[in-house]
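Data block below; observations after.
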Amino acid sequence: MCEPISTALLIAGTTAASLYQGEQARKEQHKAADRARADADQAFNRANPKKPDAAQLLYGNQQSNSGGVGSTMLTGPQGIDPSGLSLGKTTLLGG
């Protein structure tokens, strides 16, 4: 009567150990794949460094400066009226 129970326990223990080992192997396989993916990404980034697009930067600067001297972030696109800067004086030195 003891023999069928011990056989069942042996089978259950063997199955549990096998499942545990399989799960550990699966985890290790995923870790290895993640490391390989990270290594490939680093190799790609080394081979293809990012460089600024100088032509695009120049074009953007030219477009932002096309509003003229009076067009700044503080004054807006309409600029400022030069007569408002004189403060009622007619000379450059304010005299």
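Mind listing whichever residues of segment 37-52 are part of a loop (DSSP other than H, G, I, E, B) and open to solvent by less than 90 Å² (accessible area, probe 1.4 Å)? Correct list: 48, 49.
Looking at residue 60, is it part of a helix (DSSP H, G or I), modelled with pLDDT of 90 or more and open to solvent by less than 90 Å² (accessible area, probe 1.4 Å)?
No: the conditions fail for residue 60.
The values are calculated or read from the model by the stated rules, or taken from the named source; none is laboratory data. Bear in mind the structure is a predicted one, so any value in this text is a computation, not a measurement. With ligands, DNA and RNA removed, areas are computed over all heavy atoms of the protein, side chains included. Shrake-Rupley method; radii C 1.70, N 1.55, O 1.52, S 1.80 Å.
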